[in-house]
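Take a look at the structure below.
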Amino acid sequence: MKRRSFVSWGTAGLVALCSAISVSLGAVVRFLTPSVFYEPPQTFKIGNPADFSYGPPTFLADEKIFVFRDPEKGFAVANAVCTHLGCTVGYFQSDESFHCPCHGSVFKADGTVQHGPAPRPLEWFEVTLARDGQLRVDKDHTVPASYRLVVSS
Amino acid sequence: MNPLRDAWQSIVRRDPLSTDKGKSELVFLNVWLHIHPAKVKKENLKVKHTFYLGFITFFLFLVLVTSGVALMFYYRPDAPQAYQDMKDLQFVVYLGSFLRNMHRWAAHGMVICVFLHMCRVFYTGSYKRPRQFNWVIGVVLFLLTLGLSFTGYLLPWDQLAFWAITVGTNIGSYAPLVGARIRELLLGGHTVGESALLRFYVLHVAVLPVLMTLLTMVHFWRVRKDGGLSRPVWKLKEEKSAQLVTIGAPVASAALAAVPASKDKTYGLMEVVTGKPIFETVSMEEEEDTVFSYPYAFFREGIALLVTVTTVMAVSLFWKAPLEELANPAKTPNPAKAPWYFLGLQELVSHSALLGGVIVPTLAVLALIAIPYIDSNPSRRPADRKWAIRAFTLFVVVNVVLIIVGTFFRGPGWAMVPPWVHITGAE
Ligand code: HEM
Ligand code: FES
């Protein structure tokens, strides 16, 4: 075999090998990414407005949200998942703030970080009234902390 | 003709062990033992050189494989079934809780021993030429050990497991660009759930143990090919020590004196190729400082094995592996702590997730890997490497202090508390 053709065949082989490896790696990553996530839906109903009391927020454990209801201002839904590393925060009526048990982040009632390692305020989710009169929360839609759903009762 | 003797000889082909030839053949005709040299230097058998920590780490790994396979007979990686199976192992399965204890305590022990082994290798300067790459393999083995512990931690599916892994994997998602993606691949979802449990299980019982086994083999092979264990530091003479470690340096192809080959001898490969061996060779006068591996080295390793296994068994008889309530995604225990060897990390993370959870650990691992290449001081004598020793000691102390603070001084809300709170349960 001539030197030239050896070199070019060699290069072609190398390129083919590298592409085969990258394609396989890509396939592995894609294989490991689930095509369907069997996870709870991000939009769900949480019940009728009348189910919720005024005063301290209601904690819904399965959904990991706090539902606030205010006589004038209406409904707001906060994410109970700490923005630091995902622990579930608790709401303390005594100082009207959220406390995270994991690394001690404290959030004010409007979700902003008071102190601790949390980098961002707690999220607020959009809450709307479904056609059947129930409250519906959409975890894919975050809203500003000032967002309120006013329900005339 | 005696068929029994015939059968024996078909299995064991060596000469009787009373002869030197038999002693060597025991080592190099045996697939398990031939990783040893037939003869070893007496000084390398000394406990105060290695503390047998590498061996103990390996033996703990064997205990883990054995007890782990036993546990697999009763464990299903499915939520919340997994927790039920743990309860069964604890209270129903014959010897179940004992095996579980052994698996848990051996895992903790392995993390400790692999770390101590790394310290021993550092303080004796054994990562220097020609052993640089084996140190790198060692660092990977260390990371694999942590990976095995981490993946195993989720499997009981109790509160401890669930929250440690929630926090742990969220740390990863702070890594720029790829973080969130890696977390999704690891968990097979966006929260710790059934797919995460299955993935961690597969990593824990198949992927990581296989990698660990393969790399351990490479590690042992390299110890042997790097010339056996390094000389104990107390044997390094002042003038000679620099020269001893430069042996791996490439030599200007000095042709060896050609000796005419004899027709009535067979030659091994090392006798016909030219060039110097990369490792410290045993010269004639050192030959008398060596002993046969059988029985001297094997006896000591056997003792180390015995001590390791009995210690794990004894500990497992008296101390139970913890099992908390069933995992509850809605309720974070307060405080929620990672496994103790990650508490240093958690301590860092409690100040900043990106800096403490990603940047500092990544730099630390890279620095560990780079040690043999940065440290250009050829001498292995402690007196010649004061700064290296100080720097590494600082690294060790910082780690230990962070772990102690995380374990004993952090209470609910990760607030500083005096350590007795944990003992008395008072607040
Ligand atoms: C699963 C983990 C590991 C196992 C089972 C293991 C096992 C061993 C064994 C059996 C030896 C022989 C002598 C001794 O007992 O000290 C050894 C030597 C050695 N190990 Fe490891 N090791 C592991 C991890 C590490 C780590 C984390 C490092 C360093 C970062 C490391 C670096 C070395 C080096 C450089 C030697 C040669 C030491 C010398 O020649 O004196 N190993 N290892
Ligand atoms: S997870 Fe909330 S402070 Fe760390």
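What ranking do B:Asp226, B:Asp15, B:Asp20 get, fewest neighbouring Cβ atoms within 10 angstrom at the top? Please report the intermediate quantities before stating the final value.
Working: B:Asp226 20, B:Asp15 15, B:Asp20 12.
Ranked by crowding around the Cβ, least crowded first: B:Asp20, B:Asp15, B:Asp226.
Mean shadow of chain B, computed from the convex hull of its alpha carbons, in nm²?
The orientation-averaged projected area of the Cα hull of chain B comes to 28.0 nm².
Using Cβ counts within 10 Å as a stand-in for footprinting exposure, how do B:Val210, B:Val223, A:Val36 rank, fewest first?
A:Val36, B:Val210, B:Val223
If you consider only alpha-carbon coordinates, what radius of gyration and Dmax does segment B:138-208 have, in Å?
Looking at segment B:138-208, its Cα Rg and Dmax stand at 11.8, 33 Å.
Taking only Cα atoms and a 10 Å spring cutoff, compute GNM fluctuations for chain A and point out the largest among A:Ser94, A:Ser35, A:Ser19.
Highest fluctuation among the options: A:Ser19.
As an exercise, find the ratio Rg/Rh for chain A from alpha-carbon atoms, using the Kirkwood inverse-distance average for Rh.
A ratio of 1.34.
Search the structure for amide H atoms under 5 Å from the amide H of A:Ile65, placed 1.01 Å from N in the peptide plane, and list their residues when 5 or more places away or on another chain.
Those qualifying (amide H under 5 Å, at least 5 residues apart or on another chain) are A:Leu60, A:Ala80.
Measure nothing fancy, just the Cα-based angle from helix A:3-32's long axis to the longest principal axis of chain A, in degrees from 0 to 90, nearest 10.
Approximately 20 degrees, to the nearest 10.
How large is ³J(HN,Hα), in whole Hz, for each residue of segment A:113-124 in order, when computed from phi with the Karplus curve 6.51 cos²θ - 1.76 cosθ + 1.60 and θ = phi - 60°, using x for Gly and Pro?
Rounded to whole hertz, the list is 6, 8, 7, x, x, 4, x, 9, x, 4, 7, 10.
Give the whole-number value, in cubic angstrom per residue, of the convex hull volume spanned by the C-alpha atoms of the protein assembly as shown.
261
Report, to one decimal in Å, the Kirkwood hydrodynamic radius for segment B:23-126 based on all distinct Cα pairs.
Final number for the Kirkwood radius of segment B:23-126 is 16.5 Å.
Using DSSP H assignments, which helices in chain B have an axial alpha-carbon span of 24 Å or above and a mean Kyte-Doolittle hydropathy of -0.5 or higher?
For chain B, where a helix must reach 24 Å along its axis and average at least -0.5, the hits are B:53-72, B:96-123, B:132-154, B:208-225, B:298-318, B:386-408.
When the distances between all Cα atoms of segment B:329-385 are binned every 5 Å from zero, what whole-number percent does each bin get?
Spelled out bin by bin, segment B:329-385 gives 4, 15, 15, 16, 13, 11, 11, 7, 3, 2, 2, 0 percent.
Count the net charge of all other residues whose Cβ sits under 12 Å from the Cβ of B:Asp15, scoring Lys and Arg as +1 and Asp and Glu as -1. Each step should come with its number before you reach the end.
Working: positive: B:Arg13, B:Arg14, B:Lys21, B:Lys23; negative: B:Asp20, B:Glu25.
Taking every other residue near B:Asp15 into account, the sum is +2.
Return the Cα extents of segment A:114-153 along principal axes one, two and three, sorted largest first, each rounded to a whole Å.
Rounded to whole Å, the extents work out to 41, 20, 12 Å.
Would you mind calculating the gained length between A:Ala130 and A:Val36 on full extension (0.36 nm times residue separation, minus the Cα-Cα distance), in nm to one decimal?
31.2 nm
Which one of A:Thr83, A:Thr142, A:Thr11 has the biggest mean-square fluctuation once chain A is modelled by GNM with Cα springs under 10 Å?
Of the options given, A:Thr11 has the highest mean-square fluctuation.
Could you compute the FRET efficiency for B:Lys225 and A:Ser24, with r as their C-beta to C-beta distance and R0 at 41 Å, rounded to 0.05?
Values: r = 32 Å, r/R0 = 0.77.
About 0.85, to the nearest 0.05.
Excluding B:Pro322 itself, what net charge comes from residues whose Cβ is under 10 Å from its Cβ, given Lys and Arg +1 and Asp and Glu -1? Please report the intermediate quantities before stating the final value.
On the way: positive: B:Arg104, B:Lys320; negative: B:Asp158, B:Glu324.
With Lys, Arg at +1 and Asp, Glu at -1, the neighbours total 0.
Given H placed on each backbone N at 1.01 Å, which residues far from A:Gln114 in sequence or on other chains put an amide H within less than 5 Å of it?
Long-range HN contacts for A:Gln114: A:Val106, A:Phe107, A:Lys108.
Using the Karplus curve 6.51 cos²θ - 1.76 cosθ + 1.60 with θ = phi - 60°, work out ³J(HN,Hα) for each residue of segment A:76-86 in order, rounded to whole Hz, and write x for Gly and Pro.
My calculation for segment A:76-86 gives 8, 10, 10, 6, 8, 8, 4, 6, 7, 10, x Hz in order.
Amide H to amide H under 5 Å from B:Thr290: which residues, 5+ apart in sequence or cross-chain, H placed 1.01 Å off N in plane?
Answer set, sorted by chain and number: B:Lys42.
Which of the residue pairs A:Lys73/B:Lys337; B:Lys39/B:Lys235; B:Lys46/B:Lys386 have a Cα-Cα distance greater than 30 Å in the structure shown?
The pairs that break the limit, which is 30 Å between Cα atoms, are A:Lys73/B:Lys337.
Give the cysteines in the protein assembly as shown for which no other Cys Cβ lies under 4.7 Å away, or write none if there are none.
A:Cys18, B:Cys113, B:Cys119
Only the coordinates and a few stated rules stand behind these numbers; no lab work does. Because the structure is predicted, anything quoted here is derived from the model rather than measured. Please note: Cβ atoms are built from the backbone with ideal geometry, for glycine as well, and neighbour counts cover all protein chains shown.
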